[in-house]
Amino acid sequence: MGDRWQVEVDRRVCIGSGMCAAAAPDGFRLDSARQSHPVAPETEAGEGVLAAAEGCPVEAITLTVADSGEAVFPPEE
């Protein structure tokens, strides 16, 4: 893919299901309160991180292209 993505987790929405950490263990961690957070705020674009965002049951994860701010997930309507 070649792009770098900005990764954000809305901790007010996150329910701590852990699905993101299971889908992309190098990209997400759960803290002691079972809230998800990205391992790094910016990462190489990849299927694992995208699968984690798409699989979040409450859509707490947003991905944007780091250079342009263009939405990757959720896609703009």
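With contacts taken as Cα pairs under 8 Å and at least 6 residues apart, the chain reaches a relative contact order of 38 percent.
Taking 12 Å as the cut-off, the amide N atoms of segment 38-72 that come nearer than this to a point 7 Å along the Cα-to-beta-carbon line of Q6 belong to 41-43, 62-72. Comparing L63, L30, L50 in a Gaussian network model of the chain where C-alpha atoms under 10 Å apart are linked, the largest mean-square fluctuation is found at L30.
Taking the Cβ of E44 as the centre, find all other residues whose Cβ is under 14 Å away and add up their charges (Lys, Arg: +1; Asp, Glu: -1). Residues near E44 contribute -4 overall. Here the spin labels are modelled as points 7 Å beyond Cα on the Cα-Cβ line, and at V13 and D67 they lie 2.7 nm apart.
For the chain, the per residue solvent-accessible surface stands at 60 Å², with DNA, RNA and ligands left out and a 1.4 Å probe.
Annotation: E76 carries an accessible surface of approximately 150 Å², with a 1.4 Å probe and no ligand, DNA or RNA atoms counted.
The values are calculated or read from the model by the stated rules, or taken from the named source; none is laboratory data. Since the model is a prediction, treat every value here as computed from it, not as a measurement. Neighbour counts are summed over all protein chains in view; Cβ atoms, including those assigned to glycine, are modelled from backbone coordinates with ideal geometry. Calculation scope for accessible area: heavy atoms of the full protein, side chains included, ligands and nucleic acids excluded. Shrake-Rupley method; radii C 1.70, N 1.55, O 1.52, S 1.80 Å.
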